[in-house]
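The values are calculated or read from the model by the stated rules, or taken from the named source; none is laboratory data. Just so we're clear, the structure is a prediction, and the values are computed from it rather than from any experiment. Glycine gets a Cβ as well: all are built from the backbone with ideal geometry, and neighbour counts include every protein chain shown. Surface accessibility is based on the protein's heavy atoms, side chains included, excluding ligands, DNA and RNA. Shrake-Rupley method; radii C 1.70, N 1.55, O 1.52, S 1.80 Å.
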Amino acid sequence: KNTTEANIRGLKKHIQKAKEISSNGIIGVNIMVATNYYKEHVKAAVAAGADVIISGAGLPMDLPALIGEHCRTKIAPIVSSKRAANLILKM
């Protein structure tokens, strides 16, 4: 009945399943900034143990803060300019 909660449950389930069958491979997800509930999806991916989050389709300014300093999840923001990259690095 709640599609957002269902999507987040599905994301977690698929990350966990991929980790189980990956033979210690790197599991990453692409979460577009322009999607609804971006922050919730990023937090769910981190909670599920994603190794990397790739994020584009907008400027992922909140991504470093959403991941946190002590998290093992790496980030790969996709940006279109050096200026945008420098803005994210300052965050």
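Suppose we keep only residues that are over 14 Å from Asp62 (Cα atoms) and among the small types (Gly, Ala, Ser) within region 1-44. Which one would you say is modelled with the lowest pLDDT?
Within region 1-44, the match that is modelled with the lowest pLDDT is Ser23.
Between Asn86, Asn7, Asn24, which is surrounded by 15 or more Cβ atoms within 10 Å (Cβ to Cβ) and of a type in the set (S, T, N, Q)? Outline the logic, then answer.
Details: Asn86 fails: surrounded by 15 or more Cβ atoms within 10 Å (Cβ to Cβ); Asn24 fails: surrounded by 15 or more Cβ atoms within 10 Å (Cβ to Cβ).
It is Asn7.
For region 1-26, what are the residues that are closer than 17 Å to Thr73 by Cα, hydrophobic (A, V, I, L, M, F, W, C) and part of a helix (DSSP H, G or I)?
Leu11, Ile15, Ala18
Among the residues of region 27-69, how many are open to solvent by 40 Å² or more (accessible area, probe 1.4 Å) and part of a helix (DSSP H, G or I)?
Residues flagged as open to solvent by 40 Å² or more (accessible area, probe 1.4 Å) and part of a helix (DSSP H, G or I) within region 27-69 amount to 5.
If you scan region 70-91, which residues turn out to be without any contact (Cβ under 8 Å) to a residue 24 or more places away in the chain and not in a loop (DSSP other than H, G, I, E, B)?
Looking only at region 70-91, we keep the residues that are without any contact (Cβ under 8 Å) to a residue 24 or more places away in the chain, and these are 70, 72, 74-75, 77, 79-83, 85-86, 89-90.
Scanning region 70-91 gives Lys74, Ile75, Pro77, Lys82, Arg83, Ala85, Asn86, Leu89, Lys90.
Scan region 66-79 residue by residue and report those that are out of contact with any strand residue (DSSP E or B) (no Cβ under 7 Å at 6 or more places or on another chain) and either closer than 15 Å to Ile31 by Cα or modelled with pLDDT of 80 or more (or both).
Let us first name the residues in region 66-79 that are out of contact with any strand residue (DSSP E or B) (no Cβ under 7 Å at 6 or more places or on another chain), namely 66, 68-72, 79.
Of everything in region 66-79, those that are out of contact with any strand residue (DSSP E or B) (no Cβ under 7 Å at 6 or more places or on another chain) and either closer than 15 Å to Ile31 by Cα or modelled with pLDDT of 80 or more (or both) turn out to be Leu66, Arg72, Val79.
Taking region 10-21 only, how many residues are β-branched (Val, Ile, Thr) and open to solvent by 70 Å² or more (accessible area, probe 1.4 Å)?
Step one: filter region 10-21 for residues β-branched (Val, Ile, Thr), giving 15, 21.
In the following step, the residues that additionally are open to solvent by 70 Å² or more (accessible area, probe 1.4 Å) were identified as 21.
Total meeting the criteria: 1.
Find all pairs meeting these conditions: Cβ atoms under 6 angstrom apart; at least six residues apart or on different chains; first residue within region 1-22 and closer than 14 Å to Ala50 by Cβ; second residue in a helix (DSSP H, G or I) and hydrophobic (A, V, I, L, M, F, W, C).
Short answer, once both residue conditions are applied: Ile8/Ala44; Leu11/Ala44; Lys12/Ala44; Lys12/Ala48; Ile15/Ala48; Gln16/Ala48.
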